[in-house]
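Notes for the one structure printed next.
The values are calculated or read from the model by the stated rules, or taken from the named source; none is laboratory data. These numbers come from a predicted model, not from an experiment. No Cβ is skipped: glycine too gets one built from the backbone with ideal geometry, and neighbour counts run over all protein chains shown. Just the protein is used for accessible areas: all its heavy atoms, side chains included, with ligands, DNA and RNA removed. Shrake-Rupley method; radii C 1.70, N 1.55, O 1.52, S 1.80 Å.
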Amino acid sequence: MSKVPVANLSPEEAKAELARLAREIARHDALYYQNDAPEISDAEYDALQRRNAAIETAFPDLVRADSPSNRVGAKAAEGFGKITHAVPMLSLGNAFSDADMGDFIDKVRRFLNVEEAAEIAMTAEPKIDGLSISLRYEQGKLVSAVTRGDGHTGEDVTANVRTIAGIPLQVDDEDFPPVMEIRGEIYMSHEDFTALNARQESKGLAPFANPRNAAAGSLRQLDPQVTATRPLRFFAYAWGEVSALPANSQMGVMAAFRRWGFPVNGYLRFCETLAEADDFYREMEQKRASLGYDIDGVVYKVNRLDLQQRLGFVSRAPRWAIARKFPAEQAITTIEAIDIQVGRTGVLTPVARLVPVTVGGVVVANATLHNEDEIARKDIREHDTVVVQRAGDVIPQIVRVLVEKRPKDSKPYEPPQTCPVCGSHAVREVNAKTGKMDAARRCTGGLICPAQITERLKHFVSRGAFDIEGLGGKQIAAFFDDGLIRQPADIFTLQVRDAAALKKLKDREGWGEKSVANLFAAIDDRRKISLDRFIYALGIRHIGETTARLLARNFGSWEALAGACERAADKDSEAWEQLTAIDGIGEVVAASLVEFFDEAHNRKAVAALLEQVSPEPMAAQSLASAIAGKTLVFTGKLERMSRGEAKARAESLGAKVSGSVSARTDLVIAGPGAGSKGKKARELGVKMISEDEWLRLLDQEQG
Ligand code: IVH
C-alpha cells in the first residue's frame with residue numbers, strides 16, 4: 001500500500017490511487033464473497049477501505065462512480081440457491097400526473113367495457129422503497145422466502161428472512177389457506193439506517209449510501225447471524241400462489257393479512273373515486289418526509305378481485321395496478337466529456353461523463369444523451385453546467401443546460417463520422433418507408449466491429465436471455481479481449497478448451513478453483529434452454545422478450561421458426577404471409593427476421609451454437625384448451641367485453657388472434673356489423689360464432 005499521507009497527495013496521485021484501490025478492493029471482495037478465499041485479514045481489508053474513504057474526503061471531486069464506498073454489497077455468486085416463483089413477480093406501470101391517472105382509469109374502463117363515467121374503486125398505499133420478497137407458507141409454516149430476481153426466478157433467502165422480527169414463522173388462524181404466498185417489501189427505517197451506519201463507521205467499515213442499499217446488503221448476507229443484527233422490517237401488499245383467497249377484494253385480503261399478523265401499511269386507503277385517489281397522492285406527498293422510511297410514490301390497485309382477474313397482465317405489469325411516482329430528484333453538475341457508446345446493433349449513443357454528484361441518495365456519473373438530435377435540441381456541450389435528474393430506476397437524464405455558466409470558448413457538439421471502436425464509417429440512414437433520417441447514427445462495421453460483437457455477447461448472457469450465473473458483462477468483455485469468447489458457441493466450449501490451456505481460468509485475476517467450477521456448472525445448466533429465451537438471446541433487431549415469446553408460441557420449435565424465416569425471404573411466399581399474419585408481428589419485425597437468417601455468418605453462428613445447446617420446444621401453455629393453437633379473428637362490435645379483453649382472454653388460452661381473415665383462420669367471432677370480414681369468412685367456409693357463443697366457450701375453458 002502507498003505510504004504517502006493523504007494530505008501530501010497531489011490530485012493526480014489521488015486519482016491514480018483511488019483507481020488502484022477500487023480495483024484492489026473489488027478483487028478482495030470477489031475473493032471473499034465469491035471464492036470464500038480471502039487473501040488478506042479483515043483488518044487489512046478495513047485499512048484499504050479507510051484509506052479510500054480518507055482520499056475521497058480530501059478530494060470529493062475525484063470520487064469514482066464505482067467507488068468501493070458506494071458498493072451496494074458484493075454479489076454473492078453462490079451463497080443462495082435459486083427458486084422459481086409459482087406465480088411470476090411483476091413490476092408496475094408508472095404514472096407521473098393526474099392526467100396519467102386519468103388515462104390509466106380510462107384504459108381500465110375501456111378494457112372492461114364499462115361506461116365512461118363509471119367510477120372504479122381502488123386501494124391506495126405508499127410505494128415502499130425497499131426490496132420485494134415472496135414468503136411461502138404451507139400448512140401455516142413459513143417454508144421459503146425468495147427475492148424477486150428477474151420476476152420468474154429469485155434467490156432463496158429463507159434463512160435470512162427467518163431472522164426478521166415482523167415476519168411470522170407460523171400462522172395458526174383457522175382461515176389461513178394451506179398454501180399462501182404473501183408478498184411485500186423489506187425495508188429499513190431512517191432511524192435504524194442512521195444507527196447502522198454509525199456502527200459501520202465506528203468499526204471502520206464503509207457506510208451504506210441509502211436505506212434501500214442497507215436493506216439489500218443486509219438481506220444478502222451469507223451469514224444469517226449477520227442479517228439478524230440488522231434492523232429489517234416488512235410490509236405485506238400482494239400475494240402469489242394461494243389455495244383459496246380469504247376475500248373478493250384487495251381491501252378484504254389486506255384486512256385478512258392484518259388479522260393473520262402481517263404488517264400492513266397504516267396508510268392503506270380505499271378510494272371510491274379517481275378524485276379521492278388523486279387527493280391521497282397529495283396527502284402522501286405532504287407526509288413523505290415525516291414517515292420515517294423511504295417511499296417513492298403511491299401504488300393504486302383496482303379493488304375488486306374479479307375485475308383484477310379480467311384485466312390480467314400486459315408483458316410484465318398488471319393492467320389493474322399502477323405506481324404514481326414522485327417527481328424526479330434533481331442536482332447540478334458539469335459535463336467532463338461526451339463519449340460514444342456502441343450498442344449491439346451498431347447504434348452510437350452519446351453519453352455525458354459527469355463530475356459525480358449525489359441525486360436522491362445515489363451517485364450519478366453518467367447520463368445518456370440519447371442521440372445527436374437531442375443534443376442539438378438542448379444544445380448540450382462538453383464542460384457545460386447542467387441539471388441532471390433521476391427518477392426511480394430510470395437512467396439519469398440531463399434536463400437542461402445552465403447557459404449562463406457556459407465557458408467562453410465552448411463549441412457546439414460535433415457528432416463523430418466514424419465508429420470510435422472500429423473506425424468504420426458511422427452514418428445516419430434514411431428510413432426507406434418514411435423517407436426520414438433515422439435518429440440514430442450507426443457504425444457500418446457490423447460483423448467486424450469489436451464493440452458490436454461484445455455487446456451482442458453481453459446481450460446473449462443477459463437476464464432475459466441465457467442468464468448465466470457468474471458470467472456478466474464484465475466477464476464477457478474480459479474473455480472477449482483475451483480471445484477466449486468470440487461467439488456464443490464459445491461459451492459452451494470454454495471448459496473443454498480450458499482443460500487443454502496453459503493459462504487456466506482459475507489463475508486469472510478475480511477467479512479461483514471454486515468460482516471457475518461454479519461457472520462451468522452454470523454454463524452446463526443452460527445447455528437446455530426455453531425456446532423464447534433462445535430466440536431473444538440472438539439479439540435480432542426488433543425482437544425483444546415479448547416478441548420472442550410470441551414467435552416461440554407460434555412456431556413451437558426452432559426448426560419451424562428457422563424454416564419459415566428462410567422461406568419468408570420471398571415476400572410472395574406463404575411463409576411471409578404466415579409470419580406477418582401473427583398478431584404483434586409487423587413487416588418491420590418480419591423483415592428483420594428474414595435479414596438475420598439471410599446472413600450466412602448468422603446461420604453459421606447459430607449452427608455452432610446448436611451443437612452445444614438445445615432450445616426446448618415451447619411447452620404448449622394450455623393444449624387442453626379447445627382453442628389453443630387456433631387462429632381467431634374478432635370482427636364487428638362486441639357488446640359484453642372490449643376487443644382488448646377478448647384478445648387477452650383468447651391469448652391466455654393459447655390462441656393466436658389475427659386482424660384479417662384468411663384460409664388459415666380457424667374461428668371468427670362476429671358481433672353486429674361484421675362486414676367484409678364476415679363475408680370473407682363465409683366465402684372461405686371458416687367457422688363463425690356469436691359473442692354469446694364465445695362467452696360460453698370461455699366459461700367452459702375457464703371453469
Ligand atoms: S404491488 C402485481 N404495492 O414496487 C403488483 N408494489 O414497481 C405487485 N412496491 O416490484 C406490486 N411498494 O417491489 C406493490 N405497496 C406496494 C409496493 C410495491 C413497493 C414495489 C415492488 C414492485 C415494485 C414495482
Expected 222 nm ellipticity per residue - DSSP helices of 4 or more, -39500 (n - 2.57), all of the chain, to 500: -11000 deg cm²/dmol
Segment 429-434 - phi-based ³J(HN,Hα) in whole Hz, Karplus 6.51/-1.76/1.60, Gly and Pro as x: 8, 9, 5, 4, 6, 8
Base-10 log of normalised Debye intensity for segment 183-252 (one unit scatterer per alpha-carbon) at q = 0.19, 0.22, 0.28 Å⁻¹: -0.77, -0.93, -1.32
Candidate lysines for bridging to K506, where Cα separation is under 21 Å - those fewer than 8 sequence places away on the same chain excluded: K75, K474, K514
Per-q log10 I(q)/I(0), the chain, q = 0.05 Å⁻¹ (Debye; single scatterer per alpha-carbon; no solvent): -0.29
Heavy-atom surface of segment 162-215, accessible at 1.4 Å and reported per residue (Å²): 46
Residue-count net charge about S676 - beta-carbon cut-off 15 Å; Lys, Arg +1, Asp, Glu -1: +4
Neighbour cut-off at most 10 other Cβ (10 Å), DSSP loop, trypsin sites (Lys or Arg not before Pro), segment 466-539: K503, R527
Reachable aspartates and glutamates from K604, criterion Cα separation under 17 angstrom, eight or more residues apart if same chain: D490, E559, E566, E595
When each of K458/K528; K127/K203; K15/K411; K107/K378 is checked by Cα-Cα distance, pairs over 22 Å: K127/K203; K15/K411; K107/K378
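Can you tally the net charge around G312? Count Lys and Arg as +1, Asp and Glu as -1, for every other residue whose Cβ sits under 13 Å from the Cβ of G312.
Values: positive: K107, R310, R316, R319, K647, R649; negative: D306, E645, E651.
Around G312, the surrounding residues sum to +3.
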Per-residue HN-Hα couplings for segment 363-370 [Karplus 6.51, -1.76, 1.60; θ = phi - 60°; Hz; x = Gly/Pro]: 7, 10, 10, 9, 9, 6, 10, 6
Distant alpha-carbon pairs in segment 335-421 (separation over 22 angstrom), percent: 26
Cα centroid separation - segment 78-98 against segment 417-461, whole Å: 33
Local electrostatic count, M641, Cβ distance below 9 Å [Lys/Arg +1, Asp/Glu -1]: +1
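Give me D for segment 269-379 in µm² s⁻¹, whole number, from Stokes-Einstein with Rh from the Kirkwood sum over alpha-carbon pairs, 4 °C and 1.567 mPa s. Mind dumping the intermediate values first?
Values: Rh = 18.0 Å.
Answer from the Stokes-Einstein relation: 72 µm²/s.
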Under 13 Å from K405, Cα to Cα: aspartates and glutamates that are on another chain or at least 8 residues apart: E382, D384
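Keeping all protein chains in place, calculate the accessible area per residue for segment 438-535 (probe 1.4 angstrom), answer in Å².
Details: 4480 Å² over 98 residues.
Counting only protein heavy atoms, the per-residue value for segment 438-535 is 46 Å².
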Built amide H within the under 5 Å cut-off of I295, gap 5+: D129
Highest-first arrangement of 126-132, 694-700, 564-570, where packing means the average Cβ count within 10 Å: 126-132, 564-570, 694-700
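Could you tell me what percent of the accessible area of the chain is made up of carbon and sulfur, with a 1.4 Å probe and every protein chain present? Numbers along the way, then the final one.
Values: 17140 of 34050 Å².
Carbon and sulfur together cover 50 percent of it.
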Cα convex hull of segment 660-699, projected area averaged across orientations, nm²: 2.7
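Suppose R0 equals 35 Å. What FRET efficiency, 1/(1 + (r/R0)^6) with r the Cβ-Cβ distance, do D507 and K82 give to the nearest 0.05?
Working: r = 28 Å, r/R0 = 0.81.
In this case the efficiency is close to 0.80.
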